[in-house]
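All remarks here apply to the structure that follows.
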Amino acid sequence: MKYFLSVFFLITTFYLYAQETSIYVSPNGNDNYKGTKKRPVASLEEAQYLVRKIKRQRRSNDTITVFLREGIYRVKQSIVFRTAIAGTEECPVVFRSYEEEKVVISGATPIKNYKQLSKNHPLYKNDPETGSKIIEIDLLEAGLNEFNQIRLSGFNGIEKLRPYTLRELYFDGKPMPLSRWPNKGFSEFTDVISDPASTMNRKGIVYKDSCISTWEGEPNILLHGYWKHLWADAYEHIYKIDTKKQIIWLSPPYNYYGFEENHPFAAYNVIAEIDQPGEWAYDYRNKRIYFYPPVDMENASLELSTCETPLIVLNNTQWLTFKDICFEMSASEGIQISNSNHINIENCEIHACARSGIIMDGGNNNTISSCEIYDMGRGAIKVSGGNRETLEKSGFIIDNCHIHHLSRIDHTYTPGIYVDGVGTTISHCEIHDVPSSAMRINGNDHTVEYNEMYHVVTESDDQGAIDMWGDPTYRGNVFRYNYIHDVGPYGNDEVNAYWGRAAIRFDDVISGNHVYGNIFRNCSEGIFGAIQIHGGKDNLIQNNLFYQCSAGISFGPWSYERWMKWMKDKGILDFSERNKNLYIAHYPELIKFNEDLNKNTIVQNIFLECGETTLRQEKITIFNDNIEIDESPEIIDLKKNNYSLENLPEDIKTISFEPIPFEKIGLKSN
């Protein structure tokens with residue numbers, strides 16, 4: 001009997017603890033309920049209250065788990081997680097889907113009411129066949145009460161982004177493109193002029209295509225272009241169109257770099273140019289959206305993003321995990337994390353947001369793992385952590401993420417992963433279909449390993465799949481066992497790149513980094529090799545396979561005068577002097593910081609079927625124990641054999657080339 005009571009007591013206690021540390025949420029729940037499995041609450045805000053209640057009672061050190069039941073949780077503003085919701089190492093807090101149920105946190109509002117375009121509308125009159133397929137959405141009926149012009153930014157060449165958001169239209173869960181002219185490629189402007197009578201130095205561009213003259217009276221045209229540099233996109237906004245002189249007058253603020261004639265641009269949100277399935281345009285004056293559905297609207301879903309802040313925000317909190325949740329359709333970011341520690345974003349899907357997927361600023365030991373992030377207006381992940389003054393590492397980990405189809409809105413400097421600070425590890429990620437870089441790396445002691453990158457830098461000029469820029473104290477970064485291939489446009493180069501594209505670009509004095517055991521295939525264009533080193537030194541390029549690249553490694557040497565001017569103008573000399581002892585202890589080669597310029601080491605590499613081994617190589621370069629192998633019928637496609645080198649000439653044994661673990665590169669099987 002005593003044994004039976006003891007067992008009964010243990011089972012009952014376990015059940016009570018499980019109840020106390022598990023909270024259930026459902027779109028069909030009620031916030032007046034207790035959050036049990038049978039009586040779930042309805043909102044994450046109420047779930048947070050119950051978490052705080054459990055923490056105050058301190059009945060258990062078990063993990064507190066908030067189970068989200070299947071369904072769509074629609075938010076109109078950010079769900080904020082602060083210090084009060086924080087877990088501890090012994091008692092972390094987990095928000096996750098229940099078992100394998102599909103859980104969606106959405107920033108969109110369903111559109112139920114729409115009608116066919118009126119036959120009296122100019123769009124119908126100009127093209128009845130297309131006009132008969134276009135629908136008209138009354139935004140007042142959709143519940144919106146604020147109607148402003150669309151403003152967008154692009155790269156603009158400034159550090160602080162303008163915080164523009166964009167309400168987007170979604171058809172069956174996919175973001176639809178704003179109407180675009182021309183449908184493919186770009187137009188060009190022939191001249192840049194100023195209005196001497198304007199007090200704001202009004203700028204205008206002279207156009208040559210008469211089609212633009214038909215847009216007079218359009219309420220909100222956006223011009224997207226590469227106005228001066230083919231690596232810096234920006235949006236300009238139209239003030240008015242002078243059809244007689246063929247001048248588009250622009251509204252400030254203008255892009256940072258200015259304008260240069262004969263550069264590419266395209267127009268967006270032109271109502272008169274809705275001529276492709278999927279295109280739409282927004283008329284803020286008449287509070288309407290005009291949409292050309294890609295297929296029949298029957299049984300299709302139509303939604304508009306209305307949440308103009310990140311879907312969830314974590315501020316000054318810790319030991320939180322979000323798992324098995326889909327975050328979608330924000331007019332801003334998906335997730336924003338600030339000054340928080342031990343945060344895990346695991347096995348989540350983040351897609352179709354107008355800005356970036358995850359922004360992480362500050363904190364330490366945070367992990368983003370096994371996530372899929374795609375269809376973003378900007379990049380996928382942007383993290384900044386660690387301390388460059390002390391070289392304290394962030395401990396951030398980005399692992400096993402599938403990142404693709406990015407930069408729909410801002411095309412340049414919106415990479416798949418943007419890292420700043422010290423000590424982030426990026427591993428086993430697959431990144432593809434990005435107009436600009438797969439990764440942008442700033443700072444020190446980062447590790448980038450076992451990643452696959454392809455079909456990146458498909459539009460921008462003067463970029464690398466992995467890109468670094470501007471500071472020779474960005475040192476100690478290791479790039480190893482990555483597979484980078486097929487960099488550049490799919491077909492025609494729509495911007496007519498001038499400089500080129502590379503697999504890894506160490507631009508403007510990047511120095512002191514190690515590139516080891518990578519495979520570079522078909523990833524050099526223009527005057528760039530697969531690796532481009534511009535003015536840098538102390539870089540070690542070792543044990544890499546360059547395969548079917550037009551050039552292996554390219555250089556852009558800098559003079560001493562140019563180096564010193566850059567160090568002074570960018571404040572790098574001051575930073576170096578302030579942190580001299582720490583940095584020399586960590587990076588001994590900095591004893592000769594302003595000496596041995598352009599000296600890099602290239603050793604134990606294989607250049608297989610490459611047009612050129614190096615371009616513009618300086619005499620000071622250490623180039624030893626490398627092998628060049630020309631195209632040969634005996635050499636089969638290496639990819640078919642997992643890049644095994646066993647069929648290559650025996651000469652490779654003389655350079656002690658270590659096998660590259662190709663089978664371990666890329667996404668993990670789970």
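The values are calculated or read from the model by the stated rules, or taken from the named source; none is laboratory data. Not measured: the values here are computed from a predicted model. All Cβ positions, glycine included, derive from the backbone under ideal geometry; neighbour counts span all protein chains shown. Protein only, heavy atoms only, side chains kept; ligands, DNA and RNA dropped before computing areas. Shrake-Rupley method; radii C 1.70, N 1.55, O 1.52, S 1.80 Å.
Note down all Cβ pairs under 8 Å where the first residue falls in the range 111-130 and is acidic (D, E), the second is open to solvent by less than 90 Å² (accessible area, probe 1.4 Å) and in a loop (DSSP other than H, G, I, E, B), and they're at least six residues apart or on different chains.
Going by the 8 Å Cβ cut-off, the qualifying pairs are D127/D275.
With respect to A272, determine if the residue is open to solvent by 40 Å² or more (accessible area, probe 1.4 Å), in contact (Cβ under 8 Å) with a residue 40 or more places away in the chain, farther than 14 Å from Y207 by Cβ and among the small types (G, A, S).
Considered against the rule, which asks whether it is open to solvent by 40 Å² or more (accessible area, probe 1.4 Å), in contact (Cβ under 8 Å) with a residue 40 or more places away in the chain, farther than 14 Å from Y207 by Cβ and among the small types (G, A, S), A272 comes out as yes.
Could you please let me know if L117 is surrounded by 17 or more Cβ atoms within 10 Å (Cβ to Cβ), in contact with a helix residue (DSSP H, G or I) (Cβ under 6 Å, 6 or more places away or on another chain) and either modelled with pLDDT under 95 or among the basic types (K, R) (or both)?
Here the answer is no, as L117 does not meet what is asked.
Among the numbered conditions (1) over 14 Å from E452 (Cα atoms); (2) open to solvent by 50 Å² or more (accessible area, probe 1.4 Å); (3) not aliphatic (A, V, I, L, M), tell me where S644 comes up short.
In the conditions (1) over 14 Å from E452 (Cα atoms); (2) open to solvent by 50 Å² or more (accessible area, probe 1.4 Å); (3) not aliphatic (A, V, I, L, M), S644 misses (2) alone.
Give the range 530-555 a look and list any residue that's assigned to a strand (DSSP E or B), open to solvent by 10 Å² or more (accessible area, probe 1.4 Å) and among the small types (G, A, S), or say none.
Once the filter is applied, which keeps residues that are assigned to a strand (DSSP E or B), open to solvent by 10 Å² or more (accessible area, probe 1.4 Å) and among the small types (G, A, S), the range 530-555 yields nothing.
For the range 298-313, give me each residue that is surrounded by 15 or more Cβ atoms within 10 Å (Cβ to Cβ), in contact with a strand residue (DSSP E or B) (Cβ under 7 Å, 6 or more places away or on another chain) and assigned to a loop (DSSP other than H, G, I, E, B).
Matches in the range 298-313: T306, P310, L311.
Conditions first: (1) surrounded by 14 or more Cβ atoms within 10 Å (Cβ to Cβ); (2) over 25 Å from C326 (Cβ atoms). V41 passes all but one, so which condition is the exception?
Unmet for V41, out of (1) surrounded by 14 or more Cβ atoms within 10 Å (Cβ to Cβ); (2) over 25 Å from C326 (Cβ atoms): (2).
Scan the range 204-213 and tell me whether some residue there is surrounded by 16 or more Cβ atoms within 10 Å (Cβ to Cβ) and among the basic types (K, R).
No - not one qualifying residue is present in the range 204-213.
Hey, could you check the range 314-335 for residues that are open to solvent by 10 Å² or more (accessible area, probe 1.4 Å) and in a loop (DSSP other than H, G, I, E, B) and say which is farthest from A380 (Cα to Cα)?
N316
Checking the conditions here, which among K565, K639, K592 is farther than 27 Å from W469 by Cβ and open to solvent by 30 Å² or more (accessible area, probe 1.4 Å)?
After applying the criteria, what remains is K639.
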